[in-house]
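Engineer: The structure that follows is given in the form of structure tokens.
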Amino acid sequence: MTPILGVMEERSARMTAPAVVGAFAVAAALLGGRPAPVALVAVAVVAAGSVLLAVRGVTGWRLVAGLAVVSAAFVVAGWGSPTNVGWFGLCVVASWGVFGAPVLPGITLGVALAVQFGVQAVASSADPGWAAWIAGTLFTTIACTFARRQVDLVRELRVAQASLADRTRVEERNRIAAEVHDVIGHALTVSLLHVTSARLALDEDPEVARASLEEAERLARSSLDEVRAAVGAVRSDVDGAPAPHARDLDELVESFRRAGADVRLRVDGDVADLAATRGLAVYRIVQESLTNAVKHGDGGPVDVVLEAGDSVTLVVGNGTRGATAARGGHGIVGMQERAVAVGGRLEAGPDARGWRVSAEVPR
């Protein structure tokens with residue numbers, strides 16, 4: 001629904017109530033047998049008051065007070081006759097109060113309208129018809145109160161859905177940012193090692209330099225596929241490589257080794273059946289840990305130990321205290337967020353040997 005149509009429908013609904021109340025007020029005056037001047041003044045007050053309240057969009061206790069004045073004029077117009085069909089107008093007033101004011105003011109107005117019917121029964125006649133109007137007014141008030149509650153629940157649900165959609169979009173952007181950060185960080189770090197090796201070997205061993213450049217090119221293409229896969233969830237027309245998994249750690253470690261890094265991997269247990277999201281989390285944590293170790297380290301050995309049992313325990317350690325510089329970036333925070341997102345935990349910091357990343361991910 002466009003905003004203009006929404007405003008038009010709201011205005012139409014707002015003017016329906018005073019039109020109906022005014023029509024019933026005319027009926028009440030015609031069937032009430034009151035003197036013509038009194039009836040005309042009462043109908044004029046009902047019509048003017050109803051239109052004023054609707055046009056100004058009055059709500060809350062102010063609306064209840066205004067409807068009380070309208071109801072008083074209505075009672076004057078139709079006083080004393082339980083067979084006057086114009087009393088249906090007070091049922092409309094009761095529903096108006098319930099939908100236009102909070103629960104307590106709306107119920108208060110409905111009860112007051114029912115009480116005035118009781119007053120008329122005592123003051124004018126003991127006709128049993130008054131009981132029907134009392135019951136009808138109370139029923140209208142209660143029914144409209146429940147209906148108002150349902151309307152409020154629907155409105156709250158729509159707000160919650162909009163909030164959830166916004167949060168989902170933010171989380172998706174953060175997920176893509178984390179994926180791109182990890183992929184690009186790994187690609188640039190390892191490619192830089194290959195390019196450095198190629199530069200050093202260019203004059204002495206052109207074949208080694210060629211192999212290093214080819215490996216850097218291969219890694220760049222592979223990383224591009226991973227970036228495409230990361231955005232594939234947002235754009236269905238983008239095809240990318242499958243997301244990496246913990247079972248691909250051998251290839252990940254080998255890519256660092258080919259770049260000259262001293263990485264030792266030990267895997268105890270089977271991670272092939274690990275859920276895709278958890279397998280990806282383990283892979284990215286190892287990838288970011290190795291990237292930080294290579295980027296901030298001094299070339300010392302890096303140990304990766306993964307134990308797969310009831311849960312997957314991962315430890316990445318190296319003897320380089322210089323890796324603490326990684327704390328200034330977003331890598332460690334991203335690893336912690338990945339672990340928490342799949343129900344796990346992650347700790348990173350210096351230890352007796354140097355720098356250590358420890359994570360646990362449920363199966």
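The values are calculated or read from the model by the stated rules, or taken from the named source; none is laboratory data. Everything quoted here is computed from the prediction, not taken from an experiment. FYI the Cβ positions are ideal-geometry reconstructions off the backbone, even for glycines, and counts take in every protein chain you see.
Engineer: Return a yes/no flag: does segment 143-153 have any residue that is under 30 Å from R338 (Cβ atoms), out of contact with any strand residue (DSSP E or B) (no Cβ under 7 Å at 6 or more places or on another chain), surrounded by 16 or more Cβ atoms within 10 Å (Cβ to Cβ) and basic (K, R). Step through it out loud before you land on a result.
Structural biologist: Here is the first cut: in segment 143-153, the residues under 30 Å from R338 (Cβ atoms) are none.
Taking every residue of segment 143-153 in turn, none turns out to be under 30 Å from R338 (Cβ atoms), out of contact with any strand residue (DSSP E or B) (no Cβ under 7 Å at 6 or more places or on another chain), surrounded by 16 or more Cβ atoms within 10 Å (Cβ to Cβ) and basic (K, R).
Engineer: Oh, and also: Could you list, in sequence order, the residues of segment 135-149 that are under 12 Å from W96 (Cα atoms) and among the charged types (D, E, K, R)?
Structural biologist: The answer is R148, and nothing else.
Residue by residue, here is whether (1) touching a Ser or Thr at 6+ places or on another chain (Cβ under 8 Å); (2) within 30 Å of A220 (Cα to Cα); (3) touching a residue at least 40 places away in the same chain (Cβ under 8 Å); (4) outside any helix (DSSP H, G or I) holds:
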| site | (1), (2), (3), (4) |
| --- | --- |
| V119 | no, no, no, no |
| A135 | no, no, no, no |
| L138 | no, no, no, no |
| R148 | no, no, yes, no |
| L153 | no, no, no, no |
| A162 | no, no, no, no |
| A178 | no, yes, yes, no |
| T189 | yes, yes, yes, no |
| L193 | no, yes, yes, no |
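Engineer: Let me ask another. Which pairs do you get when a residue that is β-branched (V, I, T), found in segment 50-68, comes within reach of a residue that is at pLDDT 90 or above and crowded, with 17+ Cβ neighbours inside 10 Å, reach meaning Cβ atoms under 6 angstrom, with the pair 6+ apart or on two chains?
Structural biologist: Pairs that qualify, where the first residue is β-branched (V, I, T) and the partner is at pLDDT 90 or above and crowded, with 17+ Cβ neighbours inside 10 Å, are V58/G66; V64/G97; V64/P105; V64/L109.
Engineer: May I pose another question? If you take the residues in segment 284-302 that are buried (at least 24 other Cβ atoms within 10 Å of the Cβ) and among the small types (G, A, S), which one is modelled with the lowest pLDDT?
Structural biologist: Checking each candidate, the answer is A293.
Engineer: Please find, within segment 303-350, the residue that is nearest to G269 (Cα to Cα) out of those that are modelled with pLDDT of 85 or more and part of a loop (DSSP other than H, G, I, E, B).
Structural biologist: Only one residue fits best here, namely G309.
Engineer: Within segment 351-363, can you find the residues that are in a loop (DSSP other than H, G, I, E, B) and touching a residue at least 40 places away in the same chain (Cβ under 8 Å)?
Structural biologist: Those that are in a loop (DSSP other than H, G, I, E, B) and touching a residue at least 40 places away in the same chain (Cβ under 8 Å): G354, R363.
Engineer: Go through the residues of segment 46-68 one by one and say whether even a single one is out of contact with any strand residue (DSSP E or B) (no Cβ under 8 Å at 6 or more places or on another chain), surrounded by fewer than 19 Cβ atoms within 10 Å (Cβ to Cβ), of a type in the set (V, I, T) and within 19 Å of I107 (Cα to Cα).
Structural biologist: yes
Engineer: Tally the residues that are modelled with pLDDT under 70 and not acidic (D, E), restricting the search to segment 203-218.
Structural biologist: Number satisfying all stated conditions: 0.
Engineer: Does G97 count as modelled with pLDDT of 90 or more, within 22 Å of V43 (Cα to Cα) and crowded, with 19+ Cβ neighbours inside 10 Å?
Structural biologist: It is true that G97 is modelled with pLDDT of 90 or more, within 22 Å of V43 (Cα to Cα) and crowded, with 19+ Cβ neighbours inside 10 Å.
Engineer: Has segment 255-262 got any residue that is at pLDDT 85 or above, part of a strand (DSSP E or B) and touching a strand residue (DSSP E or B) at 6+ places or on another chain (Cβ under 8 Å)?
Structural biologist: Looking for residues that are at pLDDT 85 or above, part of a strand (DSSP E or B) and touching a strand residue (DSSP E or B) at 6+ places or on another chain (Cβ under 8 Å), one finds none in segment 255-262, hence no.
Engineer: Here is a further query. Could you please give the count of residues in segment 69-87 that are crowded, with 19+ Cβ neighbours inside 10 Å and within 14 Å of A23 (Cβ to Cβ)?
Structural biologist: So the answer is 7.
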